[in-house]
Amino acid sequence: MQGVSPRKGTPVNRSLAYAIAAALLAPALASPAWSTDLPTFDPHRLSQEVRTLSSDAFEGRGPATSGETKTVDYVIARFKDAGLSPGGAIVDGKRTWTQPVPLGRFEIVGTPTFSLSEDGKAMALTQGEQIAVRAAMDGSRKVDIENAPLVFVGYGVKAPERHWDDFKGVDLKGKIGVVLVNDPDFETGRGDFGGKAMTYYGRWTYKYEEASRQGALGMLVVHETAPASYGWATVKNSNTNVQFDIVRDKPAAEHPTLEGWIQHDLAVQMFKAAGLDFAALKKQAQRRDFKPVTLDGVTFSAHYDVDAKVITSQNIVGRVEGAKRPDETVIYSAHWDHLGVGAPDAKGDRIYNGAVDNATGTAALIELGRAFAHAPRPERSVVFLAVTAEEKGLLGSEYYATHPLYPVGKTVADINTDALDPSGPARNFSISGNAKLGLLDRLIALAKTYGMSYAPDPHPEAGSFFRSDHFSFAKQGIPAISFESGNDLVKGGKAAGEAAGKLYNREHYHQPSDEWQASWTFTGMAHDLRLLYQLGYQLADSDAWPAWSKDSEFRAVREKTADQRK
């Protein structure tokens with residue numbers, strides 16, 4: 001999320017403030033010549049929806065909590081008020097407002113115990129401080145790891161197409177891997193993994209998956225803020241609370257028993273106790289000829305019970321049926337969930353309100369639905385999909401994409417909104433990651449008519465493409481993008497935008513302080529939503545099928561359903 005600058009304070013007259021802000025916006029950014037044919041988006045309504053969704057009453061919108069019930073009821077009510085029709089699962093021959101999503105729910109029972117043994121001397125580790133371990137999702141109900149050997153496996157990458165293998169046949173059975181986050185060429189900016197831009201090999205989710213494929217007992221990711229793209233507070237808050245996963249036939253094929261992160265300083269200490277130089281080995285790991293290194297004399301222990309159950313969460317689905325080809329679908333998506341109630345911050349606040357992330361995207365979805373419901377019906381159908389459990393690993397969108405309510409082969413595109421800027425307007429926009437596809441080309445062309453330029457993801461090393469719900473659609477071949485607010489702010493330029501983005505990531509992202517602010521004008525969102533509306537409407541009222549670039553890894557998957565689009 002870029003360009004967020006929350007400030008305290010309540011305007012004396014909010015309606016007047018919005019009117020003034022809108023007037024100031026007019027000369028700063030152009031409107032297309034046909035703007036009179038486009039809907040307008042009300043900043044006040046966006047603000048009220050974000051304020052409601054991120055209020056303490058919604059308890060951080062955690063899946064399978066009373067907060068979910070309130071959220072689902074609220075979004076359905078807003079969809080109805082907007083004029084949408086139910087677009088969810090069919091029950092007794094009729095569409096409902098939701099798609100049930102069965103999820104595994106996993107929680108550590110009581111206080112877990114973790115320790116390192118260095119030359120026989122045990123050192124206790126505190127959950128959330130030196131280490132952040134997730135509840136086991138491999139089917140284990142009790143985790144008893146006693147003095148497991150530790151093996152440094154570099155970046156934990158096995159990529160045959162890049163002639164890269166960090167494991168080189170090492171036997172990890174009964175052992176814990178220690179791995180670096182991001183790709184081998186993150187620091188140098190050049191190499192076999194796209195330079196600064198993160199590949200999926202750099203994501204911690206991949207590293208856990210590969211640990212399971214390698215037969216490891218577990219994997220510990222060494223946290224460093226720059227390559228992870230977020231601080232330890234985010235790691236702690238995301239990994240020490242309740243975990244979810246889609247229900248899997250063979251969970252151990254996707255998850256090792258132990259999945260966690262450790263602080264950088266602890267890793268340095270561990271390596272030193274084994275007679276190793278962490279910094280030197282990190283440099284070695286950036287080379288293709290790196291070989292795994294055992295941390296001699298250092299072992300790891302973990303003991304805790306896991307409460308595991310299957311629950312049902314909900315995706316929320318509204319729809320405008322197409323006038324001529326209703327079986328062809330354009331999807332707008334956003335995740336409604338956040339982290340719920342968790343560990344208290346320094347002020348004792350335990351509610352992770354998720355105002356920016358992602359009450360903003362959910363409000364955008366509601367208002368985009370309102371605009372379509374009051375416009376002439378396009379030829380194709382348009383679906384407004386609020387998905388669950390994004391914060392738990394894109395689970396709601398993964399479930400939809402693999403259990404679609406509308407055929408994947410006839411889904412035109414997914415336009416995702418996640419963590420939009422609720423403050424003022426920007427002269428540019430971006431998307432999560434730097435994917436190449438015709439959908440982006442269309443968006444760039446439309447943005448030019450608004451006087452807005454496209455700024456490629458300024459931080460591709462953060463791996464944003466793999467961190468939002470559009471990725472679930474892309475994996476099924478559907479052209480998909482996640483819109484990001486620009487960083488070249490009308491007020492303050494790029495310097496202000498970058499500074500605000502860094503402030504948000506450092507002090508608010510995945511923390512209880514991500515709360516609605518009265519000073520947010522929402523004029524930037526209101527402007528950007530006209531652009532996103534126009535993109536979706538043009539697709540829905542045409543017979544166009546945007547495609548991935550020829551060198552895209554998603555093109556081959558898309559082409560498997562080409563016969564459905566003839």
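Data overview
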quantity: Those residues of segment 110-123 which are over 28 Å from the mean Cα position of the chain (by Cα) and surrounded by 11 or more Cβ atoms within 10 Å (Cβ to Cβ), in sequence order; calculated: THR113, PHE114, SER115, LEU116, SER117, GLU118, ALA122, MET123
quantity: Where ARG530 falls short, out of the listed (1) more than 20 Å from PHE429 (Cβ to Cβ); (2) open to solvent by 10 Å² or more (accessible area, probe 1.4 Å); (3) of a type outside the set (Gly, Ala, Ser); calculated: (1)
quantity: Single unsatisfied condition, ALA64 versus (1) at pLDDT below 95; (2) in a strand (DSSP E or B); calculated: (2)
quantity: Matching residues, segment 33-61, being in a helix (DSSP H, G or I), over 30 Å from ARG105 (Cα atoms) and modelled with pLDDT of 95 or more; calculated: PRO43, HIS44, ARG45, LEU46, SER47, GLN48
quantity: Enumeration of residues in segment 287-322 that are open to solvent by less than 40 Å² (accessible area, probe 1.4 Å) and either within 21 Å of LEU116 (Cβ to Cβ) or in a loop (DSSP other than H, G, I, E, B) (or both); calculated: PHE290, PRO292, VAL293, LEU295, VAL298, THR299, PHE300, SER301, ALA302, TYR304, GLY322
quantity: Number of the condition not met by GLY67 [criteria: (1) touching a residue at least 40 places away in the same chain (Cβ under 8 Å); (2) more than 29 Å from ALA373 (Cβ to Cβ)]; calculated: (2)
quantity: Among the residues listed as ALA285, ALA323, the single one being free of Cβ contacts under 8 Å to residues at least 60 places away in the same chain and in contact with a strand residue (DSSP E or B) (Cβ under 9 Å, 6 or more places away or on another chain); calculated: ALA323
quantity: Considering residues of segment 161-175 that are among the acidic types (Asp, Glu) and under 26 Å from LYS250 (Cα atoms) only, the residue most open to solvent (accessible area, probe 1.4 Å); calculated: ASP171
quantity: Residue match in segment 492-511 (condition: open to solvent by 50 Å² or more (accessible area, probe 1.4 Å) and in a loop (DSSP other than H, G, I, E, B)); calculated: yes
quantity: Condition met for THR69 (at pLDDT 95 or above, more than 24 Å from ALA216 (Cβ to Cβ), open to solvent by 10 Å² or more (accessible area, probe 1.4 Å) and in contact with a helix residue (DSSP H, G or I) (Cβ under 8 Å, 6 or more places away or on another chain)); calculated: no
quantity: Residue match in segment 176-185 (condition: more than 26 Å from GLN511 (Cβ to Cβ), of a type in the set (D, E, K, R), crowded, with 17+ Cβ neighbours inside 10 Å and touching a helix residue (DSSP H, G or I) at 6+ places or on another chain (Cβ under 9 Å)); calculated: yes
quantity: Number of positions in segment 257-266 that are surrounded by 18 or more Cβ atoms within 10 Å (Cβ to Cβ) and over 17 Å from ALA216 (Cβ atoms); calculated: 2
quantity: The one condition in (1) open to solvent by 10 Å² or more (accessible area, probe 1.4 Å); (2) within 15 Å of the chain's Cα centre (by Cα); (3) on the phi < 0 side of the Ramachandran plot; (4) of a type in the set (A, V, I, L, M, F, W, C) that ILE415 fails to fulfil; calculated: (1)
quantity: Residues of segment 124-141 classified as assigned to a strand (DSSP E or B) and either basic (Lys, Arg) or open to solvent by less than 60 Å² (accessible area, probe 1.4 Å) (or both), total; calculated: 5
quantity: Search result, residues across segment 282-328 that are within 20 Å of PRO86 (Cβ to Cβ) and of a type in the set (A, V, I, L, M); calculated: ILE316, VAL317, VAL320, ALA323
quantity: Pair list, Cβ under 8 Å, 6 or more apart: segment 541-566 residue open to solvent by less than 40 Å² (accessible area, probe 1.4 Å), other residue charged (D, E, K, R) and at pLDDT below 95; calculated: TRP548/LYS436; TRP548/ARG555; SER549/LYS436; SER549/ARG555; SER552/LYS436; PHE554/LYS475
quantity: Scan of segment 340-364 for residues that are farther than 21 Å from TYR504 by Cβ and in contact with a helix residue (DSSP H, G or I) (Cβ under 8 Å, 6 or more places away or on another chain), ordered by number; calculated: VAL341
quantity: Residue match in segment 374-395 (condition: over 25 Å from HIS508 (Cα atoms), assigned to a helix (DSSP H, G or I) and in contact with a strand residue (DSSP E or B) (Cβ under 9 Å, 6 or more places away or on another chain)); calculated: no
quantity: Any chance PHE271 is over 19 Å from the mean Cα position of the chain (by Cα), open to solvent by less than 10 Å² (accessible area, probe 1.4 Å) and over 21 Å from THR113 (Cβ atoms); calculated: yes
quantity: Pairs, first under 10 Å from ILE316 (Cα atoms) and in a loop (DSSP other than H, G, I, E, B) in segment 83-105, second hydrophobic (A, V, I, L, M, F, W, C) and open to solvent by less than 50 Å² (accessible area, probe 1.4 Å), C-beta under 6 Å, six or more apart; calculated: GLY87/VAL317; GLY87/VAL383; GLY88/TRP97; GLY88/VAL317; THR96/ALA89; TRP97/ILE76
quantity: Flag for ASP337 being acidic (Asp, Glu) and buried (at least 24 other Cβ atoms within 10 Å of the Cβ); calculated: yes
quantity: When residues of segment 86-109 are limited to those that are more than 26 Å from the chain's Cα centre (by Cα) and open to solvent by 60 Å² or more (accessible area, probe 1.4 Å), the one farthest from THR329 (Cα to Cα); calculated: VAL109
quantity: Yes/no for GLU254 being within 24 Å of the chain's Cα centre (by Cα), closer than 19 Å to PHE466 by Cβ, acidic (Asp, Glu) and open to solvent by 40 Å² or more (accessible area, probe 1.4 Å); calculated: yes
quantity: Segment 143-160, residues that are farther than 18 Å from GLN269 by Cβ, open to solvent by less than 50 Å² (accessible area, probe 1.4 Å), part of a strand (DSSP E or B) and at pLDDT 95 or above; calculated: VAL143, ILE145
quantity: All positions within segment 441-489 that are crowded, with 24+ Cβ neighbours inside 10 Å and among the aliphatic types (A, V, I, L, M); calculated: ALA474, ILE478, ALA480, ILE481, LEU489
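The values are calculated or read from the model by the stated rules, or taken from the named source; none is laboratory data. Because the structure is predicted, anything quoted here is derived from the model rather than measured. As a convention, Cβ positions derive from the backbone with ideal geometry for all residues, glycine included, and neighbour counts pool all protein chains shown. Ligands, DNA and RNA are stripped out before the accessible areas are found, and what is left, the full protein with its side chains, is counted by its heavy atoms. Shrake-Rupley method; radii C 1.70, N 1.55, O 1.52, S 1.80 Å.
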